[in-house]
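Note sheet for the following structure.
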Amino acid sequence: MVSFVTFAHRMKEGWDYTIKSKRTAWNFEFKALWKYRYLILLFFKRDFVANYKQTVLGPLWFVIQPILTTVIFTFVFGNLAGLAPEGVPDVLFFMSGIVIWNYFADVFVKTSNIFRQNANIFGKVYFPRMAVPISVMLASMLKFLVQFLLLIVVFLYYWLNGEVDPNFDFIALTPLSAIVLGIMAMGLGNITSALTAKYRDFTHLVGFGVQLLMYTTTVIYPLSKIIEWANASEALGDFSYQKVIVLANPVTSVIESFRVGFCNHGLEIFNWNYYWYSIGSALVIFLVSIVIFNKTEQNFIDTV
């Protein structure tokens, strides 16, 4: 046993040994994540079972949610507001935006509270902490794949009836677009999770903020409408801030590429520079999130 006097003396003179982590803030721990890949799958199964274990319909909510949302959007924004573009089936137009947006929002929201929800596990045993948000992204990707199959069914119905002429070059971009949105959402979620570990107010702002963020994309209206409104405003000498906000959102170009592929709408105004901007933004956000996540991980247990 070390007496209090000896302990105080060592505190004054300095410790004989100091144990510190050699891991830097930029370390993503690729080798450790691969070593703990089975733990990632375990977290993946845990999230899936926890979400649908006590539900009557279970995974059927994967399909029910986009169907109900599409019906509401078609009625409100398509029939009443007249925001859907001409020459494109309203159901296919809105569903194509809803499916890709749900994936982004799901990853963002579920990773935004990683530290608080897993504080008990993080404080007791070691494993690569990034395994948790990765498992969340994989679970959301499974949900996206199911909803994407639903979109394919709707798309085939309109295509076989000659109501839509798809662009298969853009459809081939779907895997890349899904990866870009997943990385971007996980990065934003990790940054938000680091903030919520210290400031609980951000917990209440996440859901509300994601809803507002949707209106800064082209989920409920085509980019052609925004450009049309912007040209009308500029003709009157007014500055169109709406166009700047929508184009500055890196999610917009990904949604537009999705729509060009399945609806063949917006090809004439699609700009590849904005798509590369989305890819670059996703990488920057993800790299910044790694630094913030790793720094927060070192002392978050004292604040949660």
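No lab work stands behind these numbers, since they all come straight from the coordinates. This structure is a prediction, so every number in the text was calculated from the model and none was measured. Cβ sites come from the backbone with ideal geometry, for glycine too, and all protein chains shown count toward neighbours.
Points worth noting:
- Stretchable slack from Asn231 to Arg116, in nm (0.36 nm times residue separation minus alpha-carbon distance): 36.8 nm
- Residue separation of Leu287 and Ile179 scaled by 0.36 nm, minus their Cα-Cα distance, works out to 37.4 nm of gained length.
- Charge dipole (the range 28-302, unit charges on Cβ, about Cα centre) - positive-most of Tyr126, Leu150, Phe202: Tyr126
- Size of electric dipole in the range 28-302: Cβ of Lys, Arg +1 and of Asp, Glu -1, about Cα centre, debye, nearest 20: 1540 debye
- The range 28-302, relative contact order in percent, only Cα pairs under 8 angstrom and at least six apart counted: 27 percent
- If R0 equals 35 Å, the separation of the Cβ atoms of Phe30 and Asn161 corresponds to a calculated FRET efficiency of about 0.15.
- At 0.890 mPa s and 25 °C, Stokes diffusion of the range 24-171 via Kirkwood alpha-carbon radius, µm² per second: 138 µm²/s
- Distance violations [Cα-Cα > 26 Å] among Lys143/Lys295; Lys45/Lys110; Lys124/Lys198; Lys31/Lys295: Lys143/Lys295
- A viscosity of 0.692 mPa s and a temperature of 37 °C, combined with the Kirkwood radius over C-alpha pairs in the Stokes-Einstein formula, give the range 28-302 a diffusion coefficient of 165 µm²/s.
- Per the Debye calculation on the range 105-162 with a single equal scatterer at every Cα and no solvent contribution, log₁₀ I(q)/I(0) for q = 0.21, 0.24, 0.28 Å⁻¹ amounts to -0.81, -0.93, -1.07.
- Model label sites at Ile64 and Leu42, defined 7 Å from Cα along the beta-carbon direction, differ in position by 3.2 nm.
- Distance histogram in 5 Å bins (all Cα pairs of the range 151-212, percent per bin): 4, 14, 14, 15, 10, 11, 11, 9, 7, 4, 1
- The three principal axes of the C-alpha atoms in the range 177-230 carry coordinate ranges of 44, 25, 15 Å, sorted with the longest axis first.
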